[in-house]
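In what follows, a single structure is set out as structure tokens and then discussed.
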Amino acid sequence: MAYWLVKSEPGAWSWDDHVKAGVAEWDGVRNHQAANNMRAMKIGERVFFYHSVTEKRIVGVMEVVKEAYPDPTDEAGAFIMVDFKALFPVVRPVTLAEIKDEPKLKNLPLVRHTRLSVLPVSDEEWKLLCTMTETSA
């Protein structure tokens, strides 16, 4: 099973918005690397929800419930979206500063590719982030 992290500005689409929706599509991604990461997602895989820009912290855990399909907001038809189900908030939100301070996370794409909005998380990184967030995911 693969693990992932997706980023959203809380003013555009927040964890609370996703919780209210329950299951919602993740659309509007216009970066090819991020879209390729979404194409690799499989049903049942776990995903951290990260509030970017103002908060810069992991706030929740979701699950992939529908694999890649065409994004109707993309008029060119080149990009896709996936559906996520909100599972639960993390017990303790973990900030980007805390993540950067952890040497074992120095290769996490969140640290290395700061503008990428959909990123893979290795098994080891996932376990460590679960420990840091005090979350069993």
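The values are calculated or read from the model by the stated rules, or taken from the named source; none is laboratory data. All of these numbers come straight from a predicted model, not from anything done at the bench. Every residue, glycine as well, gets a Cβ built from its backbone with ideal geometry; the counts of neighbours run over all protein chains shown. Note: areas computed on protein heavy atoms with side chains; ligands, DNA, RNA excluded. Shrake-Rupley method; radii C 1.70, N 1.55, O 1.52, S 1.80 Å.
So which residues in the stretch 114-137 are open to solvent by 30 Å² or more (accessible area, probe 1.4 Å), closer than 14 Å to LEU5 by Cα, without any contact (Cβ under 8 Å) to a residue 12 or more places away in the chain and of a type outside the set (D, E, K, R)?
THR114 - this is the single residue of the stretch 114-137 that is open to solvent by 30 Å² or more (accessible area, probe 1.4 Å), closer than 14 Å to LEU5 by Cα, without any contact (Cβ under 8 Å) to a residue 12 or more places away in the chain and of a type outside the set (D, E, K, R).
May I ask you to list the residues in the stretch 54-71 that are in contact with an Asp or Glu (Cβ under 8 Å, 6 or more places away or on another chain) and either within 24 Å of GLY22 (Cβ to Cβ) or open to solvent by less than 70 Å² (accessible area, probe 1.4 Å) (or both)?
Listed by number, the residues that qualify are GLU63, VAL64, VAL65, LYS66, ASP71.
Looking at ALA35, ALA21 in this structure, which one is surrounded by fewer than 15 Cβ atoms within 10 Å (Cβ to Cβ), closer than 17 Å to LYS66 by Cα and modelled with pLDDT of 95 or more? Write out each step before concluding.
Working: ALA35 fails: surrounded by fewer than 15 Cβ atoms within 10 Å (Cβ to Cβ).
After applying the criteria, what remains is ALA21.
Which of the residues that make up the stretch 6-38 are closer than 16 Å to LEU87 by Cα and β-branched (Val, Ile, Thr)?
VAL6, VAL19, VAL23
Do we have any residue at all in the stretch 84-95 that's touching a Gly at 6+ places or on another chain (Cβ under 6 Å), modelled with pLDDT of 95 or more and open to solvent by 60 Å² or more (accessible area, probe 1.4 Å)?
Looking for residues that are touching a Gly at 6+ places or on another chain (Cβ under 6 Å), modelled with pLDDT of 95 or more and open to solvent by 60 Å² or more (accessible area, probe 1.4 Å), one finds at least one in the stretch 84-95, hence yes.
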